[in-house]
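Everything below concerns the one structure shown next.
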Amino acid sequence: MQAGNAVQRSDRSSTPMCRPADSLDIVGKKETMARMKIFEGRVCQPPGNGNITIVVSRFNKTITQRLLDGALAKLHEHNVHDFDIRVVWVPGAYEIPFMADHFGKDPECMAIICLGAIIKGETSHDQHISRYVGMSLGDLATQYGKPIIFGVITCDTAEQAQARSGVTKGANDKIINPAPGNKGAEAAEAALEMIDLLDELPSYSLPSPMDMLSNLLGNYAEFDEDEDDEDVMDFLPPPRRKKVAPKGKKRKGT
């Protein structure tokens, strides 16, 4: 029995379950790609008129200032002018979702970049703040249908936070470029790419509840009242008939 099982496993393994990717027809792949609609944003200057809002936490400002410097340097690199940028300072990371909700209502706001630094302490306080901020910003992004970028770094130590907020400085401590890995610069790149992607995508809108109600009432108004009642009655269940006890017999319990 053991030898038979070994032979059976050997036969099964010798038969390939699917064709390897390298053996696929290159011409067929090109034809398939030609039929697809592929949407991909670019990190470039935003189209049209609008502004980008940056919400920054003042708590751990030595870190968040460098995140802000990285974000601003990246926006300037792609020709976003200062008058199209709003910077809003809030006390801490906990207040970031509130301010993001405030500016999410602005129709001229193309994207909101949220920057903060949450560093682990002696308690689990940082975990609760990180979870609340992340979930709230995600909900706001879907609520307002615009990019709300999570640029809040969550680190165990101050050294980790510094490594994720590095900047390259020149003479007189002037900021030149964000260092590789600066999460503020990465958040700005994500915002620019999402703005461009949304501009490329077709727009979809769901009818409002009032429009849905109006359409429903309009369909009822078009109902033909002169339609044969027998056709309508076919859809109704038959009426229930009361059971009458035969005469001369007493019901139970009486």
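Let me make sure I get this right: for region 52-200, a, b and c are the square roots of the gyration tensor eigenvalues over alpha carbons, sorted descending. Under 1.5 in a/c it's rounded, otherwise prolate if a/b > b/c, else oblate. Which is it? Walk me through the numbers before you get to the answer.
Values: a/c = 1.88, a/b = 1.06, b/c = 1.78.
Oblate, since a/c reaches 1.5 and b/c is not below a/b.
For Trp89, enumerate residues with amide H under 5 Å from its amide H, sequence gap 5+ or separate chain, H modeled in the peptide plane.
So Trp89 has HN proximity to Val56.
What does the charge add up to near Glu189, with Lys and Arg as +1, Asp and Glu as -1, over the other residues with Cβ less than 10 Å from its Cβ?
In short, -2.
If amide hydrogens are placed 1.01 Å from N in the peptide plane, which non-local residues have theirs closer than 5 Å to the one on Asn182?
When sequence neighbours closer than 5 places are left aside, the close amide H contacts are Gly166.
Using the Karplus curve 6.51 cos²θ - 1.76 cosθ + 1.60 with θ = phi - 60°, work out ³J(HN,Hα) for each residue of region 192-197 in order, rounded to whole Hz, and write x for Gly and Pro.
5, 5, 5, 4, 5, 5
List every residue whose amide H lies under 5 Å from the amide H of Ile149, counting only residues 5 or more places away in sequence or on a different chain, with H placed 1.01 Å from N in the peptide plane.
Those qualifying (amide H under 5 Å, at least 5 residues apart or on another chain) are Ile112, Ile113, Cys114.
Could you please rank Tyr132, Tyr204, placing first whichever residue has the fewest other Cβ atoms within 10 Å of its Cβ?
Fewest-to-most Cβ neighbours within 10 Å comes out as Tyr204, Tyr132.
Listing Phe103, Phe98, Phe39, Phe150 from the residue with the fewest other Cβ atoms within 10 Å to the one with the most, what is the order?
So the residues, fewest neighbours to most, are Phe39, Phe98, Phe150, Phe103.
Going by how many other beta carbons lie within 10 Å of each one, how would you line up Met36, Met194, fewest first?
With the fewest neighbours first, Met36, Met194 line up as Met36, Met194.
Any of Lys74/Lys169; Lys37/Lys74; Lys61/Lys120; Lys120/Lys183 with alpha carbons more than 20 Å apart? Name them for me.
Pairs exceeding 20 Å: Lys37/Lys74.
Where a number appears in this text, it was derived from the coordinates with a stated rule and is not lab data. In this text the structure is predicted, and so the values were computed from the model without any measurement. A quick note on method: Cβ atoms are made from the backbone with ideal geometry, for glycine too, and the neighbour counts reach across all protein chains shown.
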